[in-house]
2 protein chains.
Amino acid sequence: MTEATFQCGLEAVLAILGGKWKPLIVYHLAGGSKRTGELRRLVTKVSEKMLIQHLKELTDDGVIRRIDYRKVPPHVEYELTDFGRSLAQVLAPLCEWGTHHNAEVAMIVQKREHAARVA
Amino acid sequence: MTEATFQCGLEAVLAILGGKWKPLIVYHLAGGSKRTGELRRLVTKVSEKMLIQHLKELTDDGVIRRIDYRKVPPHVEYELTDFGRSLAQVLAPLCEWGTHHNAEVAMIVQKREHAARVA
DNA sequence: CTCGACACTTACAAAATAGTCAGTACTGGA
DNA sequence: TCCAGTACTGACTATTTTGTAAGTGTCGAG
């Protein structure tokens with residue numbers, strides 16, 4: 001670990017939040033702890049497998065915490081750790097940028113899809 | 001395109017910077033325009049193909065601008081557009097977070113790789 | 001006159017990521 | 001009893017993304 005692991009801090013962020021649904025999960029959990037099923041309903045387009053896989057990875061990475069009520073039928077909740085909260089905080093400006101430039105980005109994506117169809 | 005394209009602004013950012021080397025490219029260009037070869041040397045681990053592919057996508061997306069000096073042998077430079085600069089600005093806090101938590105993240109990644117080896 | 005530098009391009013292979021679909025063990029309600 | 005809901009797991013497939021290795025045309029240095 002003597003060499004610089006990351007050339008730019010961004011890489012570190014991506015190392016943690018690289019995964020199609022992870023930013024969304026962190027975003028939703030920033031508003032308070034949620035049950036697995038709640039998250040599945042919030043992040044509408046995620047499949048159950050991917051949700052749980054990402055949840056597990058985020059837990060392993062110390063971004064979120066899994067709270068198991070050890071009940072049958074199962075009751076599990078997830079919440080941000082301090083580490084996760086610090087990430088969520090720094091994510092906020094990005095979120096704002098995305099919201100602010102929403103239409104612009106949507107157009108870019110649309111143009112991209114159009115170009116792909118033509119080719 | 002009537003439905004909300006992005007649930008969370010983060011998705012918009014990812015739509016633009018989703019690509020292993022794109023954040024790095026933007027980061028390096030934030031310090032001024034660069035020639036293709038310079039970028040290749042700065043982003044040491046990127047292959048020529050990926051660099052150029054990402055450069056092209058960022059250009060198509062209006063994040064960077066390609067300046068061709070129409071010389072033989074070729075001389076091409078890339079620089080951020082206003083749009084790209086606005087992105088770079090909002091990226092800064094993320095960069096800082098990553099730099100600040102560098103060691104922490106490095107450890108997490110290391111742990112992940114270790115777990116993968118065991119399994 | 002060969003060789004490297006320049007900015008690419010192309011074909012193809014490998015790896016990472018995401019997806020579907022079925023199944024587990026248990027409960028409480030109709 | 002049957003069925004939905006709970007949180008999850010595993011086999012298998014599909015898609016996307018990245019990487020490797022080669023080739024293009026032109027120039028100037030050696």
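The values are calculated or read from the model by the stated rules, or taken from the named source; none is laboratory data. As the structure is a computational prediction, the values presented were derived from the model and not from experiment. Counting neighbours? That spans all protein chains shown, and the Cβs are built from the backbone with ideal geometry, glycine included.
Could you count how many residues in the range A:1-50 are under 19 Å from B:His101 (Cβ atoms) and surrounded by fewer than 14 Cβ atoms within 10 Å (Cβ to Cβ)? Reasoning before the result, please.
Our first condition is that a residue be under 19 Å from B:His101 (Cβ atoms); within the range A:1-50, this holds for A:1-19, A:22-23, A:25-27, A:29-30.
Narrowing further to those that are surrounded by fewer than 14 Cβ atoms within 10 Å (Cβ to Cβ): A:1-4.
The number of residues fulfilling the criteria is 4.
Here is a yes/no grid of residues against (1) over 30 Å from B:Asp82 (Cα atoms); (2) hydrophobic (A, V, I, L, M, F, W, C):
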position	(1), (2)
A:Gly19	no, no
A:Arg35	yes, no
A:Ser47	yes, no
A:Leu55	yes, yes
A:Ile64	yes, yes
A:Val76	yes, yes
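Do we find that A:Ser47 is polar (S, T, N, Q) and within 16 Å of DNA strand C (Cβ to nearest atom) in this structure?
On the way: polar (S, T, N, Q): yes; within 16 Å of DNA strand C (Cβ to nearest atom): yes.
So A:Ser47 fits the description; yes.
Taking interchain pairs and intrachain pairs at least six residues apart, which have beta carbon atoms under 6 angstrom, with the first residue in the range A:65-94 and within 14 Å of another protein chain (Cβ to nearest Cβ) and the second in a helix (DSSP H, G or I) and hydrophobic (A, V, I, L, M, F, W, C)?
A:Ala88/A:Val26; A:Val90/B:Leu94; A:Val90/B:Trp97; A:Pro93/B:Val90; A:Leu94/B:Leu10; A:Leu94/B:Val13; A:Leu94/B:Val90
Can you say whether B:Leu42 is touching a Phe, Trp or Tyr at 6+ places or on another chain (Cβ under 8 Å), more than 9 Å from DNA strand D (Cβ to nearest atom) and under 19 Å from A:Glu11 (Cβ atoms), as far as the supplied structure shows?
Criteria not met by B:Leu42.
Modelled with pLDDT of 90 or more and touching a Leu at 6+ places or on another chain (Cβ under 8 Å): does that describe B:Arg66? Don't jump to the end; show me each part of the working.
Numbers: modelled with pLDDT of 90 or more: yes; touching a Leu at 6+ places or on another chain (Cβ under 8 Å): yes.
For B:Arg66, the condition - modelled with pLDDT of 90 or more and touching a Leu at 6+ places or on another chain (Cβ under 8 Å) - is met.
Any residue at all in the range B:12-34 that's farther than 19 Å from A:Glu11 by Cα and within 14 Å of DNA strand C (Cβ to nearest atom)?
Residues of the range B:12-34 that are farther than 19 Å from A:Glu11 by Cα, as a first pass: B:32-34.
Now narrow it down to the ones that are within 14 Å of DNA strand C (Cβ to nearest atom): B:33-34.
Among the residues of the range B:12-34, at least one is farther than 19 Å from A:Glu11 by Cα and within 14 Å of DNA strand C (Cβ to nearest atom), which makes the answer yes.
A:Leu29: more than 8 Å from chain B (Cβ to nearest Cβ) and touching an Asp or Glu at 6+ places or on another chain (Cβ under 8 Å), yes or no?
The answer is yes for A:Leu29.
How many of the residues in the range A:51-95 are assigned to a helix (DSSP H, G or I), away from DNA strand D (no atom under 16 Å from the Cβ) and surrounded by 14 or more Cβ atoms within 10 Å (Cβ to Cβ)?
First pass over the range A:51-95, keeping only residues assigned to a helix (DSSP H, G or I): A:51-60, A:82-95.
Pick out the ones that are also away from DNA strand D (no atom under 16 Å from the Cβ) and you get A:82-95.
Subsequent filtering for residues that are surrounded by 14 or more Cβ atoms within 10 Å (Cβ to Cβ) retains A:83-88, A:90-95.
Result for the range A:51-95: 12.
If A:Lys71 passes every condition in (1) within 30 Å of B:Ala88 (Cβ to Cβ); (2) within 16 Å of DNA strand C (Cβ to nearest atom) but one, which one does it miss?
(1) is the only condition that A:Lys71 fails.
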